[in-house]
Structures are given as C-alpha cells and as structure tokens.
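These notes concern the structure reproduced below.
Bear in mind these aren't lab numbers, they're just calculated from the coordinates by the rules spelled out. None of these values were measured; they are calculated from a predicted model. Counting neighbours? That spans all protein chains shown, and the Cβs are built from the backbone with ideal geometry, glycine included.
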Amino acid sequence: MGRIIAITNQKGGVGKTTTSVNLSACLAYLGKKVLLVDVDPQGNATSGVGIDKGEVDQCIYDILVDDVDIRPIIRETTVENLHAIPATISLAGAEIELVSTISREVRLQKSLREIQSNYDYIIIDCPPSLGLLTINALTASDALVIPVQCEYYALEGLSQLLSTIRLVQKHLNHQLLIDGVLLTMLDARTNLGIQVIEEVKKYFQDKVYRTIIPRNVRLSEAPSHGLPVILYDPKSRGAEVYLDLAKEVIKNG
Ligand code: ADP
Ligand code: MG
C-alpha cells in the first residue's frame, strides 16, 4: 500500500507547493510510483507538473464534493512515474459545500483507498488554511511533512497546526504521524536563518529533517516551465536538496 504524505502548514508562502512538486518528482526519479494530489484551489502544484488547468474539466473538487470515481481524474505529468490529480479554482467552493455533506472529513481518504495500492507514495499539497480541505488531507494521510520558512516568526501558527493534528489523531485518524519538519528558503548569507534553525530544532528535536532547503532561484523558475527542478535544472542546488529530502523520506518508511 502506498504511503500517503500531506505537505501542510496553514501559513501561505512557506514552500508547501514547491515541496509537494519536487518531493513527488524526486521520489519518481528514484524509481517510485507516485501520485501527487492537489488540494489547493490555486492549483499551483497542478501547473507545476505541466498540467494546463484550462484543459481540466474534472478535478479533485468532483471527487470531494460530487463523489465521482477517482480513476478517470488521474493524469500523467511531465515526469515519468508521476501521476497527478489536478485542482482548479472550482475547488474554492468546496470548503463551504462540504460543510453540509455526509462524511465530509473522510471523502479524500475513501477515494484514495481505491487506488492506494497502485502507488508507492501519494503526496498531498494542502491549501493555506485549516478548513475542511486540510482536514480531509490529514485524515487521509499516514504522515505529514511540515515546511517551515527560515524567517522571523517561523514558529508562529505552529501550535494551532499541532492542535489541529492532535484533534485529527484523536477523532479521525489514529495512525497519523509527523514524518518531519522541513526548514525551507534558508538564506545562507544571514545569521537569522541559523537562529531559526536552532529554534525549530529545540522545539521539534529529532523530527526536523537533516536536509534543509536553501533559497535557490531555479526552484522559483521551474514552475513557469511546468517542470519540477530535477527536470528543469538537474544540476542545480535545488534539485540536489530535494533529492536528499526524497531519500530521507524513503528511509523513514
Ligand atoms: P506555499 O505553497 O506554502 O504557499 P510555495 O511553494 O508556493 O509556498 O512558495 C512560495 C513562493 O516561494 C513561490 O513563488 C515559490 O516559487 C518560492 N519558493 C519556494 N521555495 C523556494 C526556495 N527554496 N527558493 C526560492 N524560491 C522558493
Ligand atoms: Mg501552495
């Protein structure tokens, strides 16, 4: 059965989508069969693996809200071994529409179970909120990757995330684990980054990945080409570090 991992943090701009796309692509590059599930209405993970959102008629919205079969919605991407379930802006309405739906927290879990055995890893890109879309992702997952930006206030909001995780563990998904906290966008030229690393390690201890993601311009350029960095510029520092992260994730189980 494929291991389901959600990339989550309700803060925007911390590197969730960059990590979802590049971790998925690097796992696939290492020979794993991977499904990337876009659960953010912005659909940046969708376009990041080369899917034109304008051509998508059915997406994750239809799975969550209208309970349609997951199989025909899965698409190929620019990456070998990597499939994706796209998101479009239609998903923006789901948060509200799900409120009055039966089994609203477990819809993603139920659908993913039908295809889980076809993959080694299923990676879910979460939206920047703790609403029902994120609850669906946490409920469906075996483990979480929490990206934390190496910036002032890095730990801000994390206690709220952790209490949401505890609620999901208690009521919806006893198995849910934190696979790791990922430090992102480190600017090696400043001392601030070093301070943040120490602060986060003090708080999360051995849950912090050894791999730290630096700021790398290739990582921000790659999405506009519809490519993960491992294809856009395989020799870049960005490709190197996400490959290291993929190896750590594989080692963790
Ligand atoms: P989130 O999904 O948490 O909102 P994103 O992954 O979309 O965050 O990242 C926010 C912005 O920062 C994007 O423009 C992305 O290209 C850029 N970015 C993310 N990680 C890096 C990095 N390591 N180096 C440079 N730019 C990055
Ligand atoms: Mg995002």
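Need the full-extension length gain, ARG104 to GLU198, defined as separation in residues times 0.36 nm minus the C-alpha distance. One decimal, nm.
30.0 nm
How would you order 245-251, 172-178, 77-83, 23-29 from highest to lowest mean count of nearby Cβ atoms within 10 Å?
By packing density, highest mean first, the sequence is 23-29, 77-83, 245-251, 172-178.
Under 11 Å from a point 7 Å along the Cα-to-Cβ line of ILE74: which residues of segment 7-44 have their amide N that close?
Within reach of a label on ILE74: 33-36.
Fully extended, how many nm does the chain gain between ASP244 and ARG218 (0.36 nm per residue separation, minus their Cα-Cα distance)?
Taking 0.36 nm per residue and subtracting the Cα distance, the gain is 7.7 nm.
Of ILE123, PRO72, ASN191, whose Cα points farthest to the positive end of the dipole of segment 3-248 (charges on the beta-carbon: +1 Lys, Arg; -1 Asp, Glu; origin at the Cα centre)?
The one lying farthest along the dipole's positive direction is ASN191.
Jot down the per residue volume, in cubic angstrom and as a whole number, of the convex hull over the alpha-carbon atoms of segment 177-253.
In segment 177-253, the Cα convex hull volume per residue is 99 Å³.
Could you work out Rg/(2.2 N^0.38 Å) for the chain, with Rg from alpha carbons only?
Scaled against compact globular proteins, the figure is 0.94.
Nothing charged except the Cβ atoms of Lys and Arg (+1) and of Asp and Glu (-1): what's the magnitude of the dipole of the chain about its Cα centre? Round to the nearest 20 debye.
The calculation lands at about 780 debye.
For n ≥ 4 DSSP H runs only, could you compute -39500 (n - 2.57) per run for the chain, divide by its residues and tell me the 222 nm figure to the nearest 500?
Here the helix-only value at 222 nm equals -10500 deg cm²/dmol.
So, with +1 on the Cβ of K and R and -1 on the Cβ of D and E, and no other charges, what is the size of the charge dipole of segment 64-152 about its Cα centre, to the nearest 20 debye?
It comes to approximately 160 debye.
Do any of LYS11/LYS201; LYS32/LYS202; LYS110/LYS235; LYS202/LYS235 go past 30 Å between their Cα atoms, and which?
Those over the limit are LYS32/LYS202; LYS110/LYS235; LYS202/LYS235.
Among the aspartates and glutamates, which have Cα under 15 Å from the Cα of LYS247 when same-chain residues fewer than 8 positions away are ignored?
ASP120, ASP179
Two decimals is fine: what's Rg over Rh for segment 67-217, C-alpha atoms, Kirkwood radius as Rh?
Radius of gyration over Kirkwood radius for segment 67-217 works out to 1.00.
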